[in-house]
Amino acid sequence: MSADVKPPPACVPIASRIISDVDKVYAYALKLLNGHDFSVADLQKRLELKFGIPPDATIQQLLQKNFLNDRRFAENYIARRKHRGKAVVSQELLAHGIPGSLIVEMVGRTEWPSLREAMEAKMKGLNLRAPLQLRDAARLFRALHRLGYEEDAIREEIENINAQQ
């Protein structure tokens, strides 16, 4: 055998294979985070699917360097999806693995559109004009209710719109 022949991978010590795997996981995590922000749970799932090992060391390293931050993810997520309403955004953040206490804090301190603004935007989007027919009022009611506005407030606002015309 010549001196330049490398030993087969099975002969490589386990510790060096683990280190190279950790480096691969870290490099892949940085590549993913370069594209957009992830929650800790989402990134952990992606890394486990790709590499089959729990990436705890990599996650801790990314958290320490502030490359991964659930608070920042929640802020950006809420800012991009305000038009969906509190209830929907809260459920989506839960699905992304954000802790409930952080969701309550972030949703509570965000300024959401008033019912009047949301109603005007939905009427424009649904191509509705006052006075509203019963069917159109029901469509508008359902759309606003899905956004998380209270039923009584929606009914009152629809009645006010119809009374103005």
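When its C-alpha radius of gyration is set against 2.2 N^0.38 Å (N residues), the stretch 115-164 gives a value of 0.97. Label reach from residue 130 (point 7 Å along Cα→C-beta): in the stretch 151-165, amide nitrogens under 19 Å belong to 152-165.
With a threshold of 23 Å on the Cα-Cα distance, the over-threshold entries among 65/86; 50/82; 24/65; 31/82 are 65/86; 50/82; 31/82. On a per residue basis, the convex hull of the C-alpha atoms belonging to the chain measures out at 159 Å³.
Normalised by the empirical 2.2 N^0.38 Å for globular proteins, what value does the Cα Rg of the stretch 69-112 take? Its radius of gyration relative to the 2.2 N^0.38 Å reference: 0.96. Of 42, 136, 70, the residue with the greatest mean-square motion in the GNM of the chain, using alpha carbon springs below 10 Å, is 136. Working from Cα pairs under 8 Å separated by at least six residues, relative contact order for the chain is 18 percent. Which angle from 0 to 90°, rounded to the nearest 10, does the C-alpha axis of helix 100-109 make with the longest principal axis of the chain? Tilt relative to the chain: about 50 degrees.
With a Förster radius of 45 Å applied to the beta-carbon distance between residue 150 and residue 72, the computed FRET efficiency rounds to 0.90. If you fit an axis through the alpha-carbon atoms of helix 151-164 and take the longest principal axis of the Cα set of the chain, what angle between them do you get, 0 to 90°, nearest 10? Around 40 degrees separate the two axes.
Rule-based calculations on the coordinates, nothing more; no lab input. None of the values given here were measured: they were computed from a predicted structure. Using ideal geometry, Cβ is built from the backbone for each residue, glycine included, and neighbour counts are taken over all protein chains shown.
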